[in-house]
Structures are given as C-alpha cells and as structure tokens.
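> Can you keep this structure in mind? I'll have questions shortly.
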Amino acid sequence: MQFKKNAKLRTLDLKEGMFRGMPIYVCTMILLTGILVLSVLYAVTVGSADLSVEQVYRVIAYEIFRYGDPEVWASGAVHDIVWVIRFPRIVLGVAVGMGLAVVGVVMQAIVKNPLADPYILGISSGASLGATLTILLGAGILSGVSIGMGAFAGAMIVSFAVIAISGIGGRITSVKLILSGVALSSICSAFSNFIVYIADDPERFRTVTFWLMGSLAGAKWDSSLRVLVIVICAILFFVTQSRMLNLMLMGDSTAITLGTNLQPFRKIYLIVASLMIGFIVYQSGVIGFVGLIIPHFVRGFFGVDHKKLLPLSALCGGIFLVWADVVSRTILPKTEIPIGILISVVGAPIFIILLIRKTYSFGGGNE
C-alpha cells in the first residue's frame, strides 16, 4: 500500500518551468491569444499586391459584419486578394501551426522522448506518400477528402512502424526512435520521388513537389476551415487526456503500479495524431520541426504538465507559423520561399544544438 502511494506521488513529480502558478498561466494564455489575433490582423495586410490597410480591413469588415458598400467591397480585385487568397491562407497557417505543435507534444509523450516530432519520426513523410499514392491510384478524382484519408493512412502506418521497429531487440530508446524515423522517412521520400520521376502529368509533378517543400499557397476557405475544425477538436481531446499524457512521462512501470495500461491509450493517441497530420500534410505539404521547436520552447518556461503545455503550445505554434509565412512571402522581392524550406533552415540547427547540449528532459521518474 505504501509502495502504491509513493508511486502515485511520483506522477506528480513533473519538471516545472520558470513560470509557475495558475495566475501566470491564465495571463499568458490571454497574452498569447491577443498576440495571435494581432499577428493575423497584420499578416493579412502583407503581400505582393500593394493594398492599403484601410482597403484590407474594409473588405474584412464587410465579409464578417456586412459593414460597408457591397458594390465596392463585396467583389473585385481587392476583395479577392484579401478574402479569397490571403485570409484563408492565414487561417490555414494558424491551424497547421497549432496542429503540428500539439502533435509534437503528444508524440514526445507517447515515445517519452522530447526530440520526437512528426517530421523527425517520418510521419509527415508517410502522410505525403499516402496522399501521393492516392492520386497515383486515381482516388484523388473523387474528392479532396479521399486524398486526406490517404495521407492519414500513410501517417498512421509510419507512426506504428516507427514504434514497432524501435522495439525490436529490446527496450525503445531515443537513438532507435530517431534512426527508425529517419530510415522510414527516407523510404517514404524515395517512393514519393519515384512517383515524381515516372509521372508524365505536369499537374501531378507540381502537386508532389508542393507536398515535398511545404506551402500554404493553395489554401481555400473550405479546406482551411476543415483543417481548423479537425485541429481544434483534436486539441480539445488531448487536453482532456492531459493526466494520461503526464502518466506516460513517468513510464509504464509507474502506470502499471497505478493500475493503468498505457498501450491502448498510445494507439488511440497515435490514430488521432495521424488524422491531424494526414489532413495537415494534404493541405500544406511537409513542414518540419514545428513540433520540435515549439514544445521545447514552451516546456522550458512552463514545465511538462500537459494541462498547460498543450494549449500554450497550440497558441505558440499558430503564432510561429503565421510569422513564418509572412517571412516566406516577404524575404525575397516578387517571389515566395516555400515555408517548409524556411522552417527547416531554422529547425535543423536547433535540433542539432539540442542533441549536442543534451539539455532535453521531461522530469519525473525513469523506467
């Protein structure tokens, strides 16, 4: 009985960050929400077209509040640039950033490794291959949802394969997880490149290239809102599972002592995370390192308690991708850098620094 009590206390032994206490957390949530709103309002004014701030906000005011002259703001070039091109792109950026950051948090808890994220573990590459194969087999002519489900299937298969391969021959370790993810990512990328090589359809070639580099340029209102709804629902689900995610950080031994088998939960979380990644990759292509950078940043300030970590990471992820998209659209005149390339240039050095410094840790008990 005493052993069980001590084990239960260990589940509360989570590493805390620099900022502690509920008042600071609530204030930070309000502050980040405000920053996200302001970032969206600024990003929509930025672009290659020379539009004034007044024109941009008049279009938005008309579309949201029906305020203004419909003959001026309900149609035309200015309306289409702001409402048809820019705004759905920014909404997609918020959804993708939130989704990638949250999936990174969940994957790190599942495998108990703070260096895990969908890109490093090959899940994003698996989703890209699944979507590409769907188009190759002709399912893409049915609907965009079919391509999204192909991406979901690819992401889920790779996520389970990484766990399975890492567990061969003994206990799952950080090195085995990373090596398995890199190997499977290379295989998926090779097959995707092979499809590009044999494709005789220029449109198919452009589509696969778009996925491999990552971009928000193809955003439309229906697809952006679909991804946003899926991401928000998944985030709410994972927030309700914060206690179980915290328990995963303590390891299976502690969980079994408390009468909980973590394996069914891991499978459920992998399925939900793969669903998110599948639709994110279908809409935006492969964007790496967001799920690594954002959780690590938030964890350093607020600790590893998932009840706080998940919402904070979601908001930071949305802010990060909105600004990354702004930079990708403005860093070079009259051209756009694919956002996946830009983030990889930033994320890869951070990943190397984390490996060298070995400062990544969760706290709590070890197996």
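> Given the protein chains as shown and a 1.4 Å probe, how many square angstrom of MET244 are accessible, to the nearest 10?
For MET244, solvent-accessible area is about 20 Å².
> So if each residue of separation counts as 0.36 nm, and I subtract the Cα-Cα distance between LEU258 and ILE356, what length gain in nm does that give?
Result for the pair: 31.7 nm of gain on full extension.
> Follow-up. In nm, to one decimal, how far is the modelled label at LYS220 from the one at TYR42, with both set 7 Å along Cα→Cβ?
The two pseudo-label positions are separated by 3.2 nm.
> Continuing with this model, one more query. As a test of reading the structure, rank LEU309, LEU41 by solvent-accessible area (1.4 Å probe, protein chains only), most first.
Heavy-atom accessible area, descending, gives LEU41, LEU309.
> At VAL345 and ARG243, where each label point lies 7 Å from the Cα along Cα→Cβ, what is the point-to-point distance in nanometres?
With each label point 7 Å from Cα toward Cβ, the separation is 4.7 nm.
> Filter the cross-link list LYS267/LYS308; LYS112/LYS267; LYS112/LYS307; LYS112/LYS176; LYS220/LYS267 down to pairs whose alpha-carbon distance in this structure exceeds 21 Å.
In this structure, LYS267/LYS308; LYS220/LYS267 lie more than 21 Å apart at Cα.
> Would you mind telling me the share, in percent, of accessible area of region 281-337 contributed by carbon and sulfur at probe 1.4 angstrom?
Carbon-and-sulfur percentage of accessible area, whole number: 69.
> Let me ask another. Could you give each residue of region 57-66 its phi-based ³J(HN,Hα) in whole Hz, using Karplus coefficients 6.51, -1.76, 1.60 with θ = phi - 60°, and x for Gly or Pro?
6, 5, 5, 5, 4, 5, 5, 8, 10, 6
> Right, next: Can you pull out the chymotrypsin sites (Phe, Trp or Tyr not before Pro) in region 50-103 whose DSSP state is coil and whose Cβ has at most 12 other Cβ atoms within 10 Å?
Answer by residue number: TYR67.
> What residues have an amide H closer than 5 Å to that of THR260, excluding those fewer than 5 places away on the same chain, when H is modeled at 1.01 Å from N in the peptide plane?
It is none; the list stays empty.
> Here is a further query. Can you list residues from other chains, or at least 5 along the same chain, whose modelled amide H is less than 5 Å from the amide H of VAL304?
Under 5 Å from the amide H of VAL304: LYS15, GLY17.
> With a 1.4 Å probe and every protein chain left in place, work out the accessible area per residue of region 291-330 in Å², rounded to a whole number.
26 Å²
> Under the rule a/c < 1.5 gives rounded, and otherwise a/b versus b/c splits prolate from oblate, where does region 39-197 land using the Cα gyration tensor?
prolate
> Can you send over the carbon and sulfur percentage of the accessible area for region 19-116, probe radius 1.4 Å, protein chains only?
68 percent
> Further question: Rounded to the nearest Å, what's the spacing between the alpha carbon centres of region 48-75 and region 236-291? Just the number, please.
Centre-to-centre distance over Cα atoms comes out at 41 Å.
The values are calculated or read from the model by the stated rules, or taken from the named source; none is laboratory data. Not measured: the values here are computed from a predicted model. Neighbour counts run over all protein chains shown; Cβ positions are idealised from the backbone, glycine included. Accessible surface areas use protein heavy atoms only, side chains included; no ligands, DNA or RNA. Shrake-Rupley method; radii C 1.70, N 1.55, O 1.52, S 1.80 Å.
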